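Input: a single structure, listed below in C-alpha cells.
Each value in this text was obtained by applying a stated rule to the coordinates, not by laboratory testing. Since the model is a prediction, treat every value here as computed from it, not as a measurement. Reconstructed Cβ throughout: ideal geometry from the backbone, glycine too, with neighbour counts over all protein chains shown.
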Amino acid sequence: MRASAWPLAIASVGVASRAHAAGPPLTLPEDARSVFVVRNDEPVFAAPEERAPRRGSARADALLPLYAARRGGGCAGTWLQVGTSAWICDTHVRVTAEPPIEVPPEPPSYPLGLPHRYFWVGPAGSFAYARLRSAEAGEPDRQLEPGFALAILEVRDQPGTREPFGFAASGQWVPMRDLAPVRPKLFHGEEIVGGQLDLGWVVSDEAPVFRAPAGARAASDAAVRFERVSVLERRRSRGAEWVRVAADRWLRARDLAVPTPAPLPDGLLPGERWIDVDLASQTLTAYEGERAVFATLVSTGKGRAGTETATPRGNHRVWVKLESHDMDNLEDPGAGSYYAIQRVPFVMFFLRGYGLHGTFWHERFGAVRSHGCVNLAPLDAQRLFHWTSPKLPPGWSAAFPTPYEPGTLVRVR
C-alpha cells in the first residue's frame, strides 16, 4: 500500500537549516517538570522558531520532559524545549509538575506486532457516530464500507443498553456487532548469525520435496508456505534450478524466496545500518556495513516499473518515521475499488508516499501485492522500526532525520 497523501503537512518540513534568532532564556516555575500535550500530532521543531526544520510530532496526552523556555518567532506564547534540538510552542500544551514520561530501556514491543486492536468492517458495512449516547438514534457521521479496517481504542456499552460500541481512531463510535477482529499470522523474518545469507522460505502453498534434482518425489513429503529452509546447495537439472535444503531433500527454486547478497552502497559510514529490498526475490535484508543481520519476506508494488503502483528502484533514505498513519484511496475517482486502513503500524517513508510498513490485511509475503509500498509482516515492521533511524522518542508520533541522526538508507533493486 502507498500513502494516498503525504503526511504531516510536508510542505512545511523541507526548510533548509539556518541559524534562528531566539530570545533569552526564560525562568520556569520551580515545580515545572513536564509538558502535557493537548492535541495529537503537535509539531516539534529543531529550534524555538516556526521556520526551523521540523523534528517530529508529539502524541496527545504525552508528558514530555521540560528543559528550557524561550521567546521566538511563530509562537504567540513561549517555546518549550522538550528534547535535544526539540522545541514545542506552548499554545496547545500545558506546563505541569507531573513527572515526564520515562525512557524505557527497550522500545515497546507488541506480541502480534500491532500497537492497536484492529477490526474489519463486516460485509453489510456499518455507520460511525460522534456520540456514544445518541448512536443509532439519529443521522450517522460517517458510512463505513465493507472491508475497511478500524483501529479500536476502547470498547464501551452504550448507556442504558448492553450494546458494545468501539471508539475508533477516527474519534467516532462504531457498533461492535458490525466488526470482525483482525487475526494476523505470526510469520516473521530471521536474525542472521555470522552474516551468511544461507536461508530462504517456501512461498508456494505446498511445495513437493524430491530426493534429487529432477529425481523421484519423496513420498508424502511436502514443504508448506512460510517454512524456513537452509540453502545448502544449488544445481540446475533439465532446464530448472533446484535447491538442496537437507540431506536428500531438494526443492524447486521456483517454490522458494531466497535473499541474495548485495554490494555495499556508496557513501555509507563504517558499520552504518542500511536496508536492501530485492524486487526479484521479494525479500528484504538488513545490514550493518557489509554484514547481514536480518532477512525476511516482503510484498512490493504490483505495477510495472515506472508506474505509480511500482516500488521505485534506487537508493533512498528514510525521511520520516511515524508510529502509525492512515492510508486510503477514497479521493481517487479512478480507483476500481476503495480501501481505508486506520493507523497502519510502523511506517518508514523513504520516497514521498512510498515506505516500509506493517501489513495485516494480507499474508502473501514473498509475492508482489502492494500499491507501491514495501509491505512487511507486523512483527518484522516492529523490529525494523526500532532498528532504523531516526529514533522515535517516547511520547512522539513522528520523527524526522537530523544532521546527527540521518534516515536509514533503503536500496530497492
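Quick notes
- Coordinate range along principal axes, alpha carbons of the range 330-400, Å, largest first: 39, 28, 21
- Amide H contacts of L132 (H built 1.01 Å from N, under 5 Å, at least 5 apart or other chain): none
- Cross-link reach list, lysines versus K302, counting only Cα pairs under 23 Å and skipping chain neighbours closer than eight places: K185
- When you count the other C-beta atoms within 10 angstrom of each residue and take the mean per peptide, 152-159, 101-108 line up highest first as 152-159, 101-108.
- Three-way shape label, the range 318-371, alpha-carbon gyration tensor, a/c 1.5: oblate
- Per-residue ellipticity at 222 nm computed for the chain from its helices equals -500 deg cm²/dmol, with DSSP H segments shorter than 4 residues left out and the rest contributing -39,500 (n - 2.57).
- Free-standing Cys residues across the chain, given no other cysteine C-beta under 4.7 angstrom: C373
- Put a plus charge on the Cβ of each Lys and Arg, a minus charge on the Cβ of each Asp and Glu, and nothing anywhere else: the dipole of the range 69-224 about its Cα centre is then about 340 debye.
- The C-alpha atoms of the chain define a longest principal axis, and helix 378-387 lies at about 60 degrees to it.
- Label-to-label distance, nm, for residues given as Y404 and A76 (7 Å Cα→Cβ offset): 3.4
- Per-residue ³J(HN,Hα) for the range 312-328, Karplus 6.51 cos²θ - 1.76 cosθ + 1.60, θ = phi - 60°, Hz, x for Gly and Pro: x, 6, x, 9, 10, 10, 4, 9, 7, 10, 10, 4, 6, 7, 5, 9, 7
- Centroid-to-centroid, using Cα positions, the range 108-161 and the range 338-403 are 23 Å apart.
- Computed from the Cβ-Cβ distance with R0 of 25 Å, the FRET efficiency linking S85 to R117 stands at 0.10.
- Taking the range 119-241 and dividing mean pair separation by its residue count, relative contact order in percent (alpha carbons under 8 Å, at least six apart): 20
- Sequence-separation-based contact order of the chain, relative, with Cα cut under 8 Å and 6+ spacing, percent: 15
- The chain: C-alpha gyration tensor shape, a/c 1.5 cut-off, then a/b vs b/c: oblate
- Gap separating the Cα centres of the range 292-337 and the range 201-275, nearest whole Å: 26
- Inter-label distance, nm, simple model (7 Å from Cα along the C-beta direction), A367/L264: 3.8
- Lys/Arg +1, Asp/Glu -1 at C-beta; the chain dipole; positive extreme among G215, L384, V243: G215
- Dipole magnitude of the chain, debye to nearest 20 (Cβ charges: Lys/Arg +1, Asp/Glu -1, about Cα centre): 1020
- Think of the range 273-412 as having a plus end and a minus end, set by charges on the Cβ of Lys, Arg, Asp and Glu; of F346, W274, G372, W274 sits farthest toward the positive end of this dipole.
- Projected label points at N315 and S237, each 7 Å from Cα along the beta carbon direction, are separated by 4.2 nanometres.
- Shape call, the range 170-290: gyration tensor on alpha carbons, a/c limit 1.5: oblate
- Stretch gain in nm, segment E163-E227, where the contour uses 0.36 nm per residue and the Cα spacing is subtracted: 18.8 nm
- The stretch between A97 and D198, if pulled fully straight at 0.36 nm per residue, gains 30.9 nm over its current Cα-Cα span.
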